[in-house]
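Taking it in order: structure first as structure tokens, then the write-up.
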Amino acid sequence: MPAYHGEISIDPASSAILRIQIQEDLQTFAPADRSEMVIEYGPAKIDGSTYILPAWSINTLRSRQVLILKEWNLAVDTWGAHATVMNDFTFDHYHMFAGTGDVLPGFSVVPSPPVHK
């Protein structure tokens, strides 16, 4: 697992996290040489209440592929060109999921019958 560094932005009035930025230190992790992630948070209303939730995220990775060159029954591994990929996410349409449960006093576990093969 590579080392990383980054920044966290916090709203001093509410202590809510507003933004997280992470950059991995990939000097020794070929074929990737750059990886970053940013998540921005914002208010979202769910069932009349406001929550601070992820609103947007972007991840980037710059890496190379290993190419195998075959000629005269020989195979040579070499680096391909750098490629940068990016994932851009928008978080919306949040829903509240809730459940209920009851604790039954005096309940005892009944063992399952043996499985016959």
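Each reported figure results from applying straightforward, stated rules to the coordinates on display, with no laboratory input. This structure is a prediction, so every number in the text was calculated from the model and none was measured. Every residue, glycine as well, gets a Cβ built from its backbone with ideal geometry; the counts of neighbours run over all protein chains shown.
Here the label points at residue 11 and residue 73, each 7 Å from Cα along the C-beta direction, are separated by 7.1 nm in the simple model. The slack in the chain from residue 49 to residue 94, taken as 0.36 nm per residue of separation less the alpha-carbon distance, amounts to 15.0 nm. Relative to the Cα centre, the charge distribution of the chain, modelled as +1 at Lys and Arg Cβ and -1 at Asp and Glu Cβ, gives a dipole magnitude of about 360 debye. One entry in (1) 1.85; (2) 0.98; (3) 1.10 is Cα Rg over 2.2 N^0.38 Å calculated from the shown coordinates; its label is (1).
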